[in-house]
1. Test ILE84 against the criterion of being in a strand (DSSP E or B) and crowded, with 17+ Cβ neighbours inside 10 Å, and give yes or no.
2. Across the stretch 1-35, what is the number of residues that are touching a Pro at 6+ places or on another chain (Cβ under 9 Å) and among the aromatic types (Phe, Trp, Tyr)?
3. Within the stretch 89-110, which residues are surrounded by 21 or more Cβ atoms within 10 Å (Cβ to Cβ) and either touching a Lys or Arg at 6+ places or on another chain (Cβ under 8 Å) or closer than 30 Å to GLY142 by Cβ (or both)?
4. Of all residues in the stretch 149-167 being surrounded by fewer than 22 Cβ atoms within 10 Å (Cβ to Cβ) and in contact with a Pro (Cβ under 8 Å, 6 or more places away or on another chain), which is nearest to ILE84 (Cα to Cα)?
5. Based on this model, can you work out whether LEU90 counts as closer than 20 Å to LEU37 by Cβ and aliphatic (A, V, I, L, M)?
6. How many of the residues making up the stretch 88-105 are within 24 Å of the chain's Cα centre (by Cα) and in a loop (DSSP other than H, G, I, E, B)?
7. Can you pull out every residue in the stretch 168-181 that is assigned to a strand (DSSP E or B) and either basic (Lys, Arg) or surrounded by fewer than 19 Cβ atoms within 10 Å (Cβ to Cβ) (or both)?
8. Which numbered condition in (1) farther than 20 Å from PHE156 by Cα; (2) exposed (fewer than 13 other Cβ atoms within 10 Å of the Cβ); (3) not aromatic (Phe, Trp, Tyr) is the only one that LYS18 fails?
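The values are calculated or read from the model by the stated rules, or taken from the named source; none is laboratory data. As the structure is a prediction and not an experimental result, all values here were calculated from the model. Every residue, glycine among them, receives a Cβ derived from its backbone with ideal geometry; neighbour counts consider all protein chains shown.
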Amino acid sequence: MVLDDSALDILFRGARTKWEFTEEPITDDELRALYDLVKMGPTSANSCPGRFVFIRTAEGKEKLKPALSAGNLEKTMAAPVTVIVAQDALFYTQLPKLYPPADAKGWFSGNPDLAEETAFRNSTLQGAYLIMAARAMGIDCGPMSGFDKTIVNRAFFSQNSWKANFLINLGHAKPGEHPFPRLPKLDFDEAAIFA
């Protein structure tokens, strides 16, 4: 099966990062359905180290607020949902369940550098899956850096082994033109080679 051009436009060619959202909420059912798509994306050894905090309440936004850069403050506070895409430093404790063909937990439990690299790489992948799944569901996204991870980790993850990776604002974009034209992208010959 191959996606048609209209689906590819939704996911890639016509999709843009969004900053301004309507007040239409994203429901619990939509967020659960979104996660149910995200969890199906591949990760190495099915490690699934990505963890997600869906911030929707005023209290949650106030906890996040001190960590935000000035350029991200207003749009994040106004977004219906802000997702902290995080990684679980102890993701490998779930590997007996997630990867039963081998003792994969042992690959990481004695190798903190490999565990950290694997958690970061694969949680980043899972965050990208979240963006694509949201677009497929008609939910607009505004992924961003521009925040203090130390503050986020202290505010949200002091009781577990999770660590912030990046943020994504979710919602339904306000109608109208994007504020500026699509920025340039590198051509194939500038970014890829055949070997």
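1. Numbers: in a strand (DSSP E or B): yes; crowded, with 17+ Cβ neighbours inside 10 Å: yes.
Judged against the criteria, ILE84 is a match.
2. Result for the stretch 1-35: 2.
3. Across the stretch 89-110, the qualifying residues are PHE91, TYR92, LEU95.
4. Only one residue fits best here, namely PHE166.
5. No, not satisfied.
6. Total meeting the criteria: 3.
7. The one that is assigned to a strand (DSSP E or B) and either basic (Lys, Arg) or surrounded by fewer than 19 Cβ atoms within 10 Å (Cβ to Cβ) (or both): ALA173.
8. Against the list (1) farther than 20 Å from PHE156 by Cα; (2) exposed (fewer than 13 other Cβ atoms within 10 Å of the Cβ); (3) not aromatic (Phe, Trp, Tyr), LYS18 comes up short only on (2).
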